[in-house]
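Asks: Dumping the structure here so I can ask a few things about it.
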Amino acid sequence: MSEQINPPARLLMGPGPINADPRVLRAMSAQLVGQYDPAMTGYMNETMELYRAVFRTRNEATVLVDGTARAGTEAALVSLLEPGDRVLVPVFGRFGHLLTEIAERCGAEVRTIDVPWGEVFDPEQVERAVVAHAPKLLAVVHGDTSTTVAQPLAGLGEICRRHGVLFYTDATATLGGNTFLADAWGLDAATAGLQKCLAGPSGSSPVTLSDRAVEAVTARKSIEAGIREDDEPVRANRVRSNYFDLGMILDYWGERRLNHHTEATSMLYGARECARILLQEGVDDAVERHRLHGEALAAGLQGLGLTLFGDQRHRMNNVVGVEIPDGVDGEGVRTALLGDYGVEIGTSFGPLRGRIWRVGAMGYNARKDAVLTTLAALEQVLRQAGHRVVAGGGVGAAQERYQEAAP
């Protein structure tokens, strides 16, 4: 007979997921209520308002999609794109390829531009591609954890407006720990997840849509039989997913409360608590916290004699890429860290698999003790692997960074 679940103690210092804030886990253990109970609809309304502040937007259409961060991405793309629409995806890591894959599955005609992994695009490169390909939608990953760098978004919204293009970004890896300004940057759609800087578990995807995006979604809205009114149209170009149809999801979250699915109540509680905690701290303060601990982590890795990967001018606050030293078994180091110290760090994908480690300090784990523990454990494992390191070099360099930041 199976035993009760009892996961081992882990310090999750990879690119995500991370250890959820205990307050989020407590919120998720609260009792369920019916999906139209006034308490539940009240929580839904509160959650919408909280995430407007998180995204830095006034968008009324700010909701949750039930599912992981990828569910939010799929909902945005399948709801905005019709078969044959043209999409431009700037690819600078694994998750640009994911946007391409999802858009292709929507039936879109996808055009890509590329830079080497670890670099980002300048606005002029993007605008030249927009002019050349005339897309309906520009789809950009904000921070690609496969490379640990973030694409600057300022200016891209203006380019999109100038050329009549919708602007979407996947902010899964950045929201809550890096500056994100949905309205100021001219975003039409943005989606995220809870399992990184927002300090929660995977399973709920915050989504925000501008009025332009809502107009595009509403033009395709076709309510399913059994709940639609007699005078409501069945459209030929309806969204090709029922579950991810943002037109119906907006009616579910809006005043109409039109039945679409049964809300994942415990996940809503968790998502609400993630946003509440972030806003209680202050978004700018949370970004600064991630920046400080990310810088201390980067300094500590360099203090161990390791080489950072990627354009450090554009490194995300919350995750650091580091080259695996020659002669060191990268997977062996990760295995020893986990087995001997209970610390998890990540590898990467594609051309970077086996070449870099990805070490994160985000969400609940963006803390001094977590950073110093990880550096101390990594030093010991590297020494056991036969790699020469300066005794205390990692912790010492990180401590110096913390002392510099002390008031």
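The values are calculated or read from the model by the stated rules, or taken from the named source; none is laboratory data. Here the structure is a predicted model, which is why all the values come from computation and not from measurement. Ligands, DNA and RNA are excluded from the accessible area calculation, which covers all protein heavy atoms including side chains. Shrake-Rupley method; radii C 1.70, N 1.55, O 1.52, S 1.80 Å.
Asks: Please give the helix 69-80 orientation as an angle from the longest Cα principal axis of the chain, in degrees from 0 to 90, rounded to the nearest 10.
Replies: It is inclined by approximately 30 degrees.
Asks: Still on this structure, please answer the following. Shape verdict for region 150-291, please, from the Cα gyration tensor: rounded (a/c under 1.5), prolate (a/b greater than b/c) or oblate.
Replies: Because a/c hits 1.5 or more and a/b fails to exceed b/c, region 150-291 counts as oblate.
Asks: Per the Cauchy relation, a quarter of the hull surface: what is the mean projected area of the convex hull of the alpha carbons in the chain, in nm²?
Replies: Mean projected area of the Cα convex hull: 21.9 nm².
Asks: Further question: Sorted from largest to smallest, which semi-axis lengths in Å does the alpha carbon gyration tensor of region 238-291 give for its equivalent ellipsoid, taking the root of 5 times each eigenvalue?
Replies: 31, 13, 10
Asks: Below 8 Å, C-alpha to C-alpha, sequence gap of six or more: please give me the relative contact order for the chain in percent.
Replies: Worked out over the chain, it gives 22 percent.
Asks: Separate question: Where both residues lie in the chain, what percent of DSSP beta bridges are antiparallel, nearest 5?
Replies: For the chain, the DSSP antiparallel bridge percentage is about 50.
Asks: Next question, about the same structure. Can you tell me the 0 to 90 degree angle between the C-alpha axis of helix 283-303 and the longest principal axis of the chain, rounded to 10?
Replies: Relative to the chain, helix 283-303 is tipped by roughly 30 degrees.
Asks: Taking a ≥ b ≥ c as the square roots of the eigenvalues of the Cα gyration tensor of region 73-149, is the shape rounded (a/c under 1.5), prolate (a/b larger than b/c) or oblate?
Replies: The shape class here is oblate.
Asks: Amide H to amide H under 5 Å from residue 174: which residues, 5+ apart in sequence or cross-chain, H placed 1.01 Å off N in plane?
Replies: Those qualifying (amide H under 5 Å, at least 5 residues apart or on another chain) are 143.
Asks: To two decimal places, what compactness ratio does region 325-377 give when its Cα radius of gyration is scaled by 2.2 N^0.38 Å? Mind showing how you got there, number by number?
Replies: Values: Rg = 11.8 Å, N = 53, 2.2 N^0.38 = 9.9 Å.
Against the empirical 2.2 N^0.38 Å value, I get 1.19 for region 325-377.
Asks: Here's something else I'd like to know. Rounded to whole Å and sorted largest first, what semi-axes of the equivalent ellipsoid does the C-alpha gyration tensor of region 248-407 yield via the square root of 5 times each eigenvalue? The partial results should precede the final answer.
Replies: Details: eigenvalues 263, 79, 40 Å².
Rounded to whole Å, the semi-axes are 36, 20, 14.
Asks: Right, next: So what is the accessible area of region 147-264 per residue, in Å², with the probe set to 1.4 Å?
Replies: Numbers: 4370 Å² over 118 residues.
Per residue, region 147-264 has an accessible area of 37 Å².
Asks: Just subtract the alpha-carbon distance of residue 331 and residue 281 from 0.36 nm times their residue separation and send over the number in nm, one decimal.
Replies: Net length gain for the segment: 14.3 nm.
Asks: From the square roots a ≥ b ≥ c of the eigenvalues of the alpha-carbon gyration tensor of region 1-136, which class results: rounded (a/c under 1.5), prolate (a/b over b/c), or oblate?
Replies: prolate
Asks: Still on this structure, please answer the following. Percent of accessible area on the chain owned by carbon and sulfur, 1.4 Å probe?
Replies: The nonpolar share, carbon plus sulfur, comes to 49 percent.
Asks: Determine by what factor the alpha-carbon radius of gyration of region 220-263 differs from 2.2 N^0.38 Å, reporting the quotient.
Replies: After normalising by residue count via 2.2 N^0.38 Å, the value is 1.07.
Asks: Same structure, new question: So between residue 262 and residue 288, what do we pick up on full extension, going 0.36 nm a residue minus the alpha carbon distance?
Replies: Answer, rounded to one decimal: 5.6 nm.
Asks: Next up: Where only protein heavy atoms count, and the probe is 1.4 Å, what is the accessible area per residue for region 4-43 in Å²?
Replies: In whole numbers, region 4-43 has 61 Å² accessible per residue.
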